[in-house]
Amino acid sequence: MTDDTLEERFTFRLSRMNVFIALGTLTIVLIFLTSILIAFTPLREYIPGYTNVGLTKKLYKLQIKTDSIERDLVQKDRFIRNLKDVINGKDLTEDKPIVPDTLKRYSNIKIKRSTEDSLLRLEVESQSKYNLYKMETMEAVSQKKASLVGFLFFTPLKGIITNEFNPAQGHYGIDIVSKQNEAVKSVLDGTVIFSNWTLETGYVISVQHSQNIVSIYKHNSVLLKKTGEYVRAGEPIAIVGETGELVTGPHLHFELWNDGRPVNPKEYITF
């Protein structure tokens, strides 16, 4: 009310709910303003637990510069000392003398074979004592693979591979299924060393190539070349078929051998 005329200016009603809402709103506003003040002003540096990010970067750079200066000072000090020794005619010496390791006494180490080690050596030596075959190292195997990479193999037959190369199961080649009466071609230039009928694999033809490479083609219906004939890469040598007791359908069983060992044809030929 007005003091002079006692005229009513405005009115408001005070209740518990209104007081709670007013105090809650005021508290939220104060917390929001305080958070903004701490997050975006330098006042946060005075709060325990908050540090200036730029100050940490400056300290890191100063530490790097200090290490560089210390390293340069050590090198310059060593240079000055060596220069003085050269002027005075003294021999140059290392700054850090070699300190012998006294923790390890190598003279007291005694190497003795245990009974188990001797028995194991005897067993291994007895197993390979009468072995007539020379074990090949991994380096020799990798060199053989590298020697095959240099050859440009012709695809013997275009088709779908139904059985992969798996020496563990006795399958030393791949099976290729294609159209009927498709021609089987030689992968490289070479001489036919076998061209005949076998009970298990039907009509088989084998070609000897250079550098001890042999290609074998099985389950053919017709053989177009005889033993001793010279064939060129890509020249037809047989017709795909399904002959032999081990055949399950018309396909070509193709094997590739190098130095008497079977290799996976898919690593060198695109089918």
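Only the coordinates and a few stated rules stand behind these numbers; no lab work does. Everything numeric here is computed off the predicted structure, so don't read it as measured data. Cβ coordinates were reconstructed from backbone atoms using ideal geometry, including for glycine residues, and neighbour counts include every protein chain displayed.
Things worth noting here:
- DSSP-assigned coil residues among trypsin sites (Lys or Arg not before Pro) in the range 202-271, each with at most 16 further Cβ atoms within 10 Å: K226, R232
- Amide hydrogen neighbours beyond the local backbone of Q208, cut-off 5 Å, H modeled: T191, V192, I193
- With semi-axes defined as the square roots of five times the eigenvalues of the C-alpha gyration tensor, the equivalent ellipsoid of the range 151-267 measures 19, 17, 14 Å, largest first.
- Simple spin-label estimate for T2 and V29 in nanometres, 7 Å along Cα-Cβ: 2.9 nm
- Each label point was placed 7 Å from the Cα along the Cα-to-Cβ direction; for Q169 and I87 their separation is 8.6 nm.
- Restraint check, K218/K266; K225/K266; K158/K226; K158/K266, Cα-Cα greater than 21 Å: K225/K266; K158/K226
- Local electrostatic count at N220 - Lys and Arg +1, Asp and Glu -1, tallied over other residues with Cβ under 15 Å: -2
- Cβ-defined net charge surrounding G244, 13 Å radius [Lys, Arg +1; Asp, Glu -1]: -3
- Inter-label distance, nm, simple model (7 Å from Cα along the C-beta direction), Y60/Y230: 7.4 nm
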